[in-house]
Protein chains: 2
Amino acid sequence: MRKKYWEDLKEGERLTCRPVPFERSDIIFFAKKFDPQPFHTDEAAASASIFGGLIASSLHALAACTRVVVEAQEDVAIISGVGMDEVKMFNPVRPGDVLTVEARWSDLKRSRSQPDKGVAGIRCKVSNQRGEPVMEYGYRYMIACRDVA
Amino acid sequence: MRKKYWEDLKEGERLTCRPVPFERSDIIFFAKKFDPQPFHTDEAAASASIFGGLIASSLHALAACTRVVVEAQEDVAIISGVGMDEVKMFNPVRPGDVLTVEARWSDLKRSRSQPDKGVAGIRCKVSNQRGEPVMEYGYRYMIACRDVA
């Protein structure tokens, strides 16, 4: 695969992400390790919650979506991550859900102080198999330029 | 443990979080599953990167810190998470690092439209064992009130 540099990115261009399925066992495993709220880990407690059943930790949803976004970046010359934008959550993720990530390159800016680098965002809108919005968020990266301006 | 409601929270009160250690094997395991950037998964590639060695995925850092924050919430009547604030990243997390999470309740607001609920944030400042800042971010939750106003 041909290495991609900051100059190769196009504002608004969509990354092709594969679907993100959620299994009950994975939801419970992640939550027990990282986000042990009862509605993520315990079937009975989750049934008694406003969700009426088990839901995935938002961090699990974020991590699983990140996997497919990183795959879809192909061979981009990422130097480092520099942050994440606010995460807005709309609908919970339940066992059996399959998420679609609409990820687009955004906020492309070449660094003035370091002309061999540029910043780039990826804005993500995540929805489920019923077309309901699940979450919106963004990554921010520093990326190498091919040519020093 | 006595159940805590929205009324029991105090603006700015610190949650007592245990330290968060990072093992090389956990860093690689998490990154291979969720954030397979070479500087998170591959020792040689990481050595050639600007980091000069393996660093943890920020999502891993966020997830591992979330674990100790959730533990420190004790038995708070959380109804649901409603979002996360911007994540600012300052210094990478490396194998052997032990993070300290300074987490404080913030932005406590009772709902006007639903007087049996309130919102509450937790603002987190994370630093490493050398006192260097690692990241800052925040959670937002909806929490049950004890008394309906």
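Worth a mention:
- Looking at A:41, A:16, just one residue is open to solvent by less than 40 Å² (accessible area, probe 1.4 Å) and under 21 Å from residue A:135 (Cα atoms), and that residue is A:41.
- If the condition is being free of Cβ contacts under 8 Å to residues at least 60 places away in the same chain and in a helix (DSSP H, G or I), then segment B:51-65 contributes B:59, B:60, B:63, B:64.
- From the options A:62, A:54, A:9, residue that is open to solvent by less than 10 Å² (accessible area, probe 1.4 Å) and out of contact with any Lys or Arg (no Cβ under 8 Å at 6 or more places or on another chain): A:62
- Taking segment B:24-38 as the range and being open to solvent by 20 Å² or more (accessible area, probe 1.4 Å) and more than 13 Å from chain A (Cβ to nearest Cβ) as the test, the residues that pass are B:24, B:25, B:28.
- Extreme residue, farthest from the chain's Cα centre (by Cα), among residues of segment A:56-78 that are more than 26 Å from residue B:50 (Cβ to Cβ) and more than 9 Å from chain B (Cβ to nearest Cβ): A:56
- Selection status of residue A:113, modelled with pLDDT under 95 and either open to solvent by less than 60 Å² (accessible area, probe 1.4 Å) or more than 13 Å from chain B (Cβ to nearest Cβ) (or both): yes
- Conditions (1) under 25 Å from residue A:136 (Cβ atoms); (2) touching a strand residue (DSSP E or B) at 6+ places or on another chain (Cβ under 9 Å); (3) part of a loop (DSSP other than H, G, I, E, B): number failed by residue B:80: (3)
- Every condition in (1) touching a strand residue (DSSP E or B) at 6+ places or on another chain (Cβ under 9 Å); (2) facing another protein chain (nearest Cβ under 10 Å) holds for residue A:91 except the one numbered (2).
Listed here are the residues, each with its yes/no results for (1) part of a loop (DSSP other than H, G, I, E, B); (2) open to solvent by less than 60 Å² (accessible area, probe 1.4 Å).
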| site | (1), (2) |
| --- | --- |
| A:129 | yes, no |
| A:134 | no, yes |
| A:140 | no, no |
| A:146 | yes, no |
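- Of the criteria (1) open to solvent by less than 60 Å² (accessible area, probe 1.4 Å); (2) in a strand (DSSP E or B), which one residue A:125 fails: (1)
- Index of the failed condition, residue B:104 passing every other in (1) basic (Lys, Arg); (2) over 22 Å from residue A:138 (Cβ atoms); (3) facing another protein chain (nearest Cβ under 9 Å): (3)
- Residues of segment B:83-105 that turn out to be open to solvent by 10 Å² or more (accessible area, probe 1.4 Å), of a type in the set (D, E, K, R) and in a loop (DSSP other than H, G, I, E, B), as a count: 3
The values are calculated or read from the model by the stated rules, or taken from the named source; none is laboratory data. Predicted, not measured: the structure shown is a model, and the values here were computed from it. Neighbour counts are summed over all protein chains in view; Cβ atoms, including those assigned to glycine, are modelled from backbone coordinates with ideal geometry. The area values use the complete protein model at the heavy-atom level, side chains included, leaving out ligands, DNA and RNA. Shrake-Rupley method; radii C 1.70, N 1.55, O 1.52, S 1.80 Å.
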